[in-house]
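The values are calculated or read from the model by the stated rules, or taken from the named source; none is laboratory data. No experiment lies behind these values; they were computed from the predicted model shown. Every residue, glycine as well, gets a Cβ built from its backbone with ideal geometry; the counts of neighbours run over all protein chains shown.
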Amino acid sequence: MSQQKNIKGGFFLLVALLLAAAALFVFGWLAEEMLEGDTQQFDTFVRTAVHQLATPGLTRLMLAFSFLGSVAAVSAMSLVAICVSLYFHRARTATLVAITMLGVAALDVALKYAFHRPRPVAFFGPTPTTYSFPSGHAFGSLCFYGVLAAILAARARRPVVKFFLWIAAALLVGMIGLSRIYLGVHYPSDVIAGYCAGAVWVAAIGFLNRFLASRREAGETN
């Protein structure tokens, strides 16, 4: 049973690494195209198409989704997740969440300053003063809600529960990214790049977690 579990875990890790490699390639390609100005036509087309759907009710909904991906919301929920994990004596889970989100904060600032892309003029509300590429909301939400879904799915016994956890996380992350385009505070290429950066970072955390678990199992065997 243990060997079967290791094989299954290794397979999922391989898939995650392959997806991370693809995401890294797309991020690099997008960054190059953005710096050369070649994403402008795509960004303008998508921004205009999304903005044409605007209604007062939809704007309120998008503001709510945007808040769920904000630094304040994600930081608060990360802190709650860490505290709950420590309360139930799951120090490894708490550490995993802490490392993931601290890495997100550092990488988001570093990437924004590396590319220093100016923000587009917002459709609703004030234009943020930080740089635009990549989207921190897309990056942070994919990492937090993705890791949270992985933690909860690992403890769910029924496959249907695992499935709906992943679907809920994917829909939430997708709506957060869409909200940033709808509100006009990010270019679509910023959001895509944020998702790519998040995929790479989550894969790196997953690899680290798997490596440490293997080391611990080897130590217990010896």
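A few comments on the model shown:
- Contacts under 7 angstrom Cβ, first residue in the range 122-133 being within 13 Å of Val109 (Cβ to Cβ) and part of a loop (DSSP other than H, G, I, E, B), partner at pLDDT 95 or above and of a type in the set (A, V, I, L, M), 6 or more apart: Phe133/Ala193
- Filter result for Arg92 (touching a Leu at 6+ places or on another chain (Cβ under 9 Å) and of a type in the set (Lys, Arg)): yes
- Any hit, the range 65-77, residues being over 18 Å from the mean Cα position of the chain (by Cα), at pLDDT 95 or above, of a type in the set (Ser, Thr, Tyr) and closer than 20 Å to Ile176 by Cβ: no
- Single residue of the range 136-176 satisfying the filter (in contact with a Leu (Cβ under 6 Å, 6 or more places away or on another chain) and more than 17 Å from Ala73 (Cα to Cα)) that is surrounded by the most Cβ atoms within 10 Å (Cβ to Cβ): Leu165
- Extreme residue, farthest from the chain's Cα centre (by Cα), among residues of the range 78-98 that are surrounded by 18 or more Cβ atoms within 10 Å (Cβ to Cβ) and of a type outside the set (A, V, I, L, M): Ser85
- The residue pairs whose first member lies in the range 140-162 and is within 14 Å of Val173 (Cα to Cα), whose second member is among the acidic types (Asp, Glu), and whose beta carbons are closer than 8 Å, counting only pairs six or more residues apart or on different chains, are Gly140/Asp108.
- The set of residues from the range 48-69 being in contact with a Phe, Trp or Tyr (Cβ under 7 Å, 6 or more places away or on another chain) and not hydrophobic (A, V, I, L, M, F, W, C) comprises His51, Thr59.
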